[in-house]
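Got a structure for you, questions after.
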Amino acid sequence: MLVPDAETQAPVELFAALADDSRWQILVELSRAPASASALADRLPISRQAIAKHLRVLTDVGLVAAAKVGREVRYEPVGARLSQVARQLDAIARGWDRRLERIKSLAEDANR
């Protein structure tokens, strides 16, 4: 049995975190500019307490990082983690593209 490395390991928790609409909205807002939970609550139709829980989930999977700025904690997306997931998805897509090209080639050869 193969043991996946960090680059190929299935990011189950990450996709579970992203599957929630509220967490996705929070991540989109944070991609515009770092923000505190209170600032996010002002911009989104979600309570501050719910936002804090969602931020904890996003932080736990490595998508968001917290930094204390004065008396406030601001959150921002972690680009390296997002890039890692994008690379994984891109590798999967390239594999499917190769398979589809092979099927197309076989079908064309069969029709000649």
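The values are calculated or read from the model by the stated rules, or taken from the named source; none is laboratory data. All values derive from a computational prediction rather than experimental measurement. Cβ sites come from the backbone with ideal geometry, for glycine too, and all protein chains shown count toward neighbours. To get the accessible areas, we keep the full protein, side chains included, count just its heavy atoms, and leave off ligands, DNA and RNA. Shrake-Rupley method; radii C 1.70, N 1.55, O 1.52, S 1.80 Å.
Averaged per residue, what accessible area in Å² does the chain show with a 1.4 Å probe, protein chains only?
Details: 7930 Å² over 112 residues.
I get 71 Å² per residue for this part.
Additional query: What residues qualify as long-range amide H neighbours of ALA35, i.e. H under 5 Å apart, gap of 5 or more or another chain, H built at 1.01 Å from N?
Under 5 Å from the amide H of ALA35 lie the amide H atoms of TYR75, each far enough along the sequence or on another chain.
For the chain, what is the calculated [θ] at 222 nm in deg cm²/dmol (nearest 500), taking -39500 (n - 2.57) for each run of four or more DSSP H residues and dividing by its residue count?
Details: 5 runs with 71 residues, N = 112.
Rounded to the nearest 500, the figure is -20500 deg cm²/dmol.
Now for a separate question. If we sort 65-77, 14-26, 98-110 on the protection proxy, mean other Cβ atoms within 10 Å, highest first, what's the order?
Working: 65-77: 13.3, 14-26: 15.9, 98-110: 9.5.
Top to bottom by mean Cβ count within 10 Å: 14-26, 65-77, 98-110.
A follow-up question, please. Of the accessible area of the chain, with the probe set at 1.4 angstrom, what percent is carbon plus sulfur?
On the way: 4420 of 7930 Å².
Looking at the chain in its full context, I get 56 percent from C and S.
Among DSSP bridges having both ends in the stretch 33-112, what percentage is antiparallel? Round to the nearest 5.
Details: 8 of 8 bridges.
Close to 100 percent.
So what's the chain giving for Cα Rg divided by 2.2 N^0.38 Å, two decimals?
Numbers: Rg = 19.6 Å, N = 112, 2.2 N^0.38 = 13.2 Å.
Its radius of gyration relative to the 2.2 N^0.38 Å reference: 1.48.
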